[in-house]
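The values are calculated or read from the model by the stated rules, or taken from the named source; none is laboratory data. Just so you know, these numbers come straight off a predicted model, no measurement behind them. Backbone-built Cβ (ideal geometry, glycine too); neighbour counts: all protein chains shown.
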Amino acid sequence: MTPPPPDHFNGKTAPLPPTPVGGRFVDVLRWKLTSRPAPWPTQVPLDPQPPPPRPQGDELVATWIGHSTFLLQTAHGNFLTDPVFSNRASPVPWAGPRRAHAPGLAFESLPRIDVVLVSHDHYDHCDLTTLRRLAAAHDPLFIAPLRHADLLRKAGARRLVELDLWQTHPLPAAASASSASSAATATLTPARHWSNRLGSPRNHRLWGGFALALPAGPVPRTRRIWFAGDSGYDEALFREIGRRTGAPDLALVPIGAYEPRWFMAPMHMDPAEAVRAHLDVGARLSLGMHWGTFQLTDEAREDPVRALAAARQAAGLAEDAFKVMAPGASVTV
């Protein structure tokens, strides 16, 4: 289903809020001409990880596959966020950023996928090759911001929903193992970012994150997950997300692709800002994403991990409150 276009978004210019923050061409040129990107390893070997455990009761099990791709197993079904299993984040298979490590979980090892969440149309978040595989193998419900229907249909999606900012959609009964499935919802949350893809105008498509509300337990309560998508730091925005959608039990927050700050700050958080976002939304546990898989910016591969540890310490935050995981590792909440 596609809601009617809202008055703040005509499909040609960006919606307000949030303000689009993609760099001007002159700034991109300046960055490319002056940047000195740190060297990355050609291939990072992965330590073997046990298969993701199945959630018991109202548990949430999150498995980091790489970049912004998480497998989320819940009593309300299995979700994938911004799935990218391809070797490159690019419009072509022979150029563009190459994976530094294999997916932490092989595509063939995925459990049944009920819902796919796509935050925006950038190639490191919206990979048509992977989406085609998912549509053919799992026929999930695809949920994305406004004006992604053309991409999703091109990928073979039969069931899709486009959401406006703050719009909430009930998750289908097929995505739930519980009798309370009709009460489970996904809400599109704002982000400070932008959209762009070959063949469509700049900022033609909306962007954002997702807040999942999953009723749980014999005593009525709700488990909450926030997938931030891609975003620069905005204290007022993140506080509003926490206030309007509830403090998340689990937050998936980007910590990488942030250098140089003069260019990247409006669109990508650094680890210190990610810690502030964790506190702003009131997350119980945050997991770092958007690092270590594709070299998109100038920082070294392990810099986000080191900077996150320093930021946690500076904020007086316990190590187990905001974690980074190895690809393929899982955490149960």
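Worth a mention:
- Out of 117, 71, 110, one residue alone is under 22 Å from residue 183 (Cβ atoms) and either among the hydrophobic types (A, V, I, L, M, F, W, C) or in contact with a Ser or Thr (Cβ under 6 Å, 6 or more places away or on another chain) (or both). It is 117.
- Looking across the stretch 214-235, the residues that are out of contact with any Lys or Arg (no Cβ under 8 Å at 6 or more places or on another chain) and either at pLDDT 95 or above or surrounded by 19 or more Cβ atoms within 10 Å (Cβ to Cβ) (or both) come down to 223, 224, 225, 226, 227, 228, 229, 230.
- Test: residue in the stretch 231-248 that is out of contact with any helix residue (DSSP H, G or I) (no Cβ under 6 Å at 6 or more places or on another chain), under 24 Å from residue 39 (Cα atoms) and not aromatic (Phe, Trp, Tyr): no
- The set of residues in the stretch 202-246 being assigned to a helix (DSSP H, G or I), more than 14 Å from residue 168 (Cα to Cα) and in contact (Cβ under 8 Å) with a residue 60 or more places away in the chain consists of 237 alone.
- Taken together, 298, 270 contain a single residue that is crowded, with 17+ Cβ neighbours inside 10 Å and either in contact (Cβ under 8 Å) with a residue 60 or more places away in the chain or among the small types (Gly, Ala, Ser) (or both), which is 298.
- Any hit, the stretch 292-299, residues being under 22 Å from residue 247 (Cα atoms) and not in a helix (DSSP H, G or I): no
- Condition met for residue 285 (among the aliphatic types (A, V, I, L, M) and surrounded by fewer than 24 Cβ atoms within 10 Å (Cβ to Cβ)): yes
- Residues in the stretch 90-115 that are closer than 25 Å to residue 212 by Cβ and surrounded by 16 or more Cβ atoms within 10 Å (Cβ to Cβ): 103, 104, 105, 110, 113, 114, 115.
- Of the listed requirements (1) in a loop (DSSP other than H, G, I, E, B); (2) out of contact with any helix residue (DSSP H, G or I) (no Cβ under 8 Å at 6 or more places or on another chain), residue 161 misses just one: (1).
- Of all the listed residues (309, 251), the sole one being farther than 30 Å from residue 109 by Cα and not in a loop (DSSP other than H, G, I, E, B) is 309.
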